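To start, the structure itself, in structure tokens.
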Amino acid sequence: MARVRTRHTEPEMQLRRALWRVGLRYRLHGALPGCPDVVFNRARVAVFVDGCFWHGCPQHGGVPRTNTVFWRRKIGVNTNRDRRVDGELVSLGWRVIRVWEHSVENTPDRVADRIARIVRSPIVAPGPVRRI
Ligand SMILES: [Zn+2]
């Protein structure tokens, strides 16, 4: 199946710039389940920037009026895969952060601050999956 997650999207670049501003240094596209967009190896934090349409954002993830069944199924497949990837990462000891595209676009610095707090907090346990 064709991959939905494209690389170096504008929201992803926006997030990377914001992370840089708060002093976080990261790796890109770690070789981990789901290919996270941004990875903090030492902190064991994996970050995904989820497109509102493809990942079914409750605010902006409306299904198109044509081919509704097709799109609903397609987005359902994506969100199921997201949950499976989250589970795999947590079982490997990672903390997962999923950031909505709209959060990055609206408040990139706030998103970066929240990520910074998590990255700089001690690892108590893997997970939970956080949604920003
Ligand atoms: Zn959204």
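Residues checked against (1) more than 16 Å from the ligand (Cβ to nearest atom); (2) of a type in the set (A, V, I, L, M, F, W, C); (3) at pLDDT 95 or above; (4) under 13 Å from Gly34 (Cα atoms):
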| position | (1), (2), (3), (4) |
| --- | --- |
| Arg83 | yes, no, yes, yes |
| Glu88 | yes, no, yes, yes |
| Trp100 | no, yes, yes, no |
| Ser103 | no, no, yes, no |
| Ala116 | yes, yes, yes, no |
Original post:
Looking at the stretch 31-52, is at least one residue part of a helix (DSSP H, G or I) and surrounded by 14 or more Cβ atoms within 10 Å (Cβ to Cβ)?
Top reply: no
Original post:
Between residues in the stretch 37-58 that are under 19 Å from Pro128 (Cβ atoms) and more than 16 Å from the ligand (Cβ to nearest atom) and residues that are in a strand (DSSP E or B) and modelled with pLDDT under 90, which pairs lie under 6 Å by C-beta distance while being six or more apart or on different chains?
Top reply: Val39/Arg27
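Please verify whether Leu19 is out of contact with any Leu (no Cβ under 9 Å at 6 or more places or on another chain), away from the ligand (no atom under 16 Å from the Cβ) and without any contact (Cβ under 8 Å) to a residue 40 or more places away in the chain, treating the condition exactly as stated.
Considered against the rule, which asks whether it is out of contact with any Leu (no Cβ under 9 Å at 6 or more places or on another chain), away from the ligand (no atom under 16 Å from the Cβ) and without any contact (Cβ under 8 Å) to a residue 40 or more places away in the chain, Leu19 comes out as no.
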Original post:
Do the conditions hold for Val77, that is, is it at negative phi, assigned to a helix (DSSP H, G or I) and in contact with a Ser or Thr (Cβ under 9 Å, 6 or more places away or on another chain)?
Top reply: no
**OP:** Scan the stretch 80-116 for residues that are part of a loop (DSSP other than H, G, I, E, B) and under 22 Å from Glu12 (Cβ atoms) and jot them down.
**Re:** Trp94, Thr107
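Among the residues of the stretch 99-122, what is the count of those that are within 14 Å of Leu19 (Cα to Cα) and within 12 Å of the chain's Cα centre (by Cα)?
Qualifying residue count, the stretch 99-122: 5.
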**OP:** Would you mind stating whether Trp94 is under 16 Å from the mean Cα position of the chain (by Cα) and within 16 Å of the ligand (Cβ to nearest atom)?
**Re:** no
Subject >> Search result, residues across the stretch 1-29 that are at pLDDT below 90, in a loop (DSSP other than H, G, I, E, B) and in contact with a strand residue (DSSP E or B) (Cβ under 9 Å, 6 or more places away or on another chain) >> reply: Arg5, Arg7, His8, Thr9, His29
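The values are calculated or read from the model by the stated rules, or taken from the named source; none is laboratory data. Because the structure is predicted, anything quoted here is derived from the model rather than measured. In this analysis, Cβ positions are derived from the backbone assuming ideal geometry, glycine residues included, and neighbour counts consider all displayed protein chains.
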